[in-house]
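Visitor: Please find one structure pasted underneath; my questions will follow.
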Amino acid sequence: MKRAVLIDSIYSISNSILRFLYIHLLWMVFSLLGLVIFGVFPATVSLFAVTRKWLLGETDMPIFATFLSVFKQEFMKSNLLGMLLSFGGLVLYADLLALQHTSIPFLQYLYFPVLFIALLYACSILHFFSIYVHYELKGLHIIKNALLFTLAMPLAGLKLVGGLLVIVYLFITFPGSIILFGASVPAFYMMWISLKTFTQYEQKRAGK
């Protein structure tokens, strides 16, 4: 009996590892198909869509077919929003650099407020892909809700950052793991935290 349980556990763990490896491979291949610039955003949306289904119990779904379907369906929308997010990040980064090296006293005082906005912006991006695949929202409403969600549930942002730092540390400690699971493991963790937080947020709004 114990041996059967052990075999089942080994099989389950091995199967999970292979699924994480496979979905990461799909993410890399589809990112490259879009020449990275036009592939990484729809590939990441597809990655989060698959991990969301896993976390909701849909473990028997066809992974490749699901990934491909989301990639094609969300290609234009995810690229437009991704480019907008990238542009906003570049603007904030350029502002921080300019304020850091300015000699004008008044502008020097703006550095920390802009830094706070940049950190808030970065945290909202951590929620962006989870909100994208979980809620049926249009265009800029996804970015707006990611920002509002960051402000309304700051503890979720701290959990995301803390967990991702641990994952990065493990990747640095075991360098080969980032080649095998560099996208799938962080996406799974972020989606897991987000689903829990979405439930809490919806209960909070409902007054429960």
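Visitor: Kindly express, to the nearest 10 degrees and within the range 0 to 90, the angle between helix 63-73's C-alpha long axis and the longest C-alpha principal axis of the chain.
Guide: Tilt of helix 63-73: around 30 degrees.
Visitor: Explain nothing, just the number: relative contact order of the stretch 1-134, from Cα pairs under 8 Å at least 6 residues apart, as a whole percent.
Guide: It rounds to 22 percent for the stretch 1-134.
Visitor: With all protein chains present, how much of the accessible area of the stretch 73-208 (probe radius 1.4 Å) comes from carbon and sulfur, to the nearest whole percent?
Guide: Heavy-atom surface of the stretch 73-208 belonging to carbon and sulfur, 1.4 Å probe: 74 percent.
Visitor: Something else now. What angle do you read, to the nearest 10 degrees and between 0 and 90, between the alpha-carbon axis of helix 140-152 and the longest principal axis of the chain?
Guide: The angle comes out near 90 degrees.
Visitor: Another one. Take 177, 69, 103 and sort them by solvent-accessible surface of the protein heavy atoms, 1.4 Å probe, largest at the top.
Guide: My answer, sorted largest first, is 103, 69, 177.
Visitor: Summing -39500 (n - 2.57) over the DSSP H runs of n ≥ 4 in the chain and dividing by its residue number, what mean residue ellipticity at 222 nm do you reach, to the nearest 500 deg cm²/dmol?
Guide: -28500 deg cm²/dmol
Visitor: OK, next. Using alpha carbons only, how many degrees (0 to 90, rounded to 10) separate the axis of helix 75-101 from the longest principal axis of the chain?
Guide: For 75-101 against the chain, the angle is about 40 degrees.
Visitor: A follow-up question, please. Just to confirm, what accessible area per residue do you get for the stretch 132-174 at 1.4 Å probe, in whole Å²?
Guide: 64 Å²
Visitor: Here's another thing I want to ask about it. Taking the chain, how many lysine pairs are there with alpha carbons less than 21 Å apart, if each pair must be eight or more places apart or span two chains?
Guide: 14
Visitor: Can you match Rg/Rh (Cα atoms, Kirkwood Rh) to one of these, (1) 0.98; (2) 1.03; (3) 0.95, based on a calculation from the structure here?
Guide: Computed from these coordinates, Rg/Rh (Cα atoms, Kirkwood Rh) corresponds to label (2).
Visitor: Scaled to the compact-protein estimate 2.2 N^0.38 Å, what is the alpha-carbon radius of gyration of the stretch 89-208, rounded to two decimal places?
Guide: Its radius of gyration relative to the 2.2 N^0.38 Å reference: 1.26.
Visitor: Quote the accessible area belonging to residue 81 in square angstrom, nearest 10, computed with a 1.4 Å probe and with ligands, DNA and RNA left uncounted.
Guide: 10 Å²
Visitor: Around residue 39, which amide H atoms from residues at least 5 apart in sequence, or from another chain, sit under 5 Å from its own amide H, with H modelled in the peptide plane?
Guide: Counting only residues 5 or more places away or on other chains, the set is 34.
The values are calculated or read from the model by the stated rules, or taken from the named source; none is laboratory data. For clarity, every value in this text was computed on a predicted model and none was experimentally measured. Remember, those area values only see protein heavy atoms, side chains included, never the ligands or the DNA or RNA. Shrake-Rupley method; radii C 1.70, N 1.55, O 1.52, S 1.80 Å.
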